[in-house]
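Scroll down for the structure; my scribbles are underneath it.
The values are calculated or read from the model by the stated rules, or taken from the named source; none is laboratory data. This is a predicted model, so every value here is computed, not measured. Methodologically, a virtual Cβ is constructed for each residue, glycine included, from the backbone with ideal geometry; neighbour enumeration extends over all protein chains shown.
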Amino acid sequence: MARCGPPQDRGTLLVRNGSTRQERWQALLEAVATPSEDGFLPALATVDDLRWRDARSEDLRVVPRAL
């Protein structure tokens, strides 16, 4: 399930920065939540919030972790 704000941990962010193509976002979330054949499962913190629409990586670097 996607979160609405920045994660509280230091995990890798997966940020939805667009509000279109909901089916593609859902497919991506399912794909990253499915272990690989070797059992690898990425440690991701997903963020699905319209505040981050059109955000760039530079924008995310300045987000305080305490939010």
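Is it true that Asp38 is in a loop (DSSP other than H, G, I, E, B), exposed (fewer than 10 other Cβ atoms within 10 Å of the Cβ), modelled with pLDDT of 90 or more and among the charged types (D, E, K, R)? So Asp38 fits the description; yes. Take Thr46 and tell me if it is in a loop (DSSP other than H, G, I, E, B) and at pLDDT 85 or above. Taking the combined requirement at face value, the residue does not satisfy it.
Scanning segment 12-34 for residues that are part of a loop (DSSP other than H, G, I, E, B) and more than 20 Å from Arg51 (Cα to Cα) returns Ala33, Thr34.
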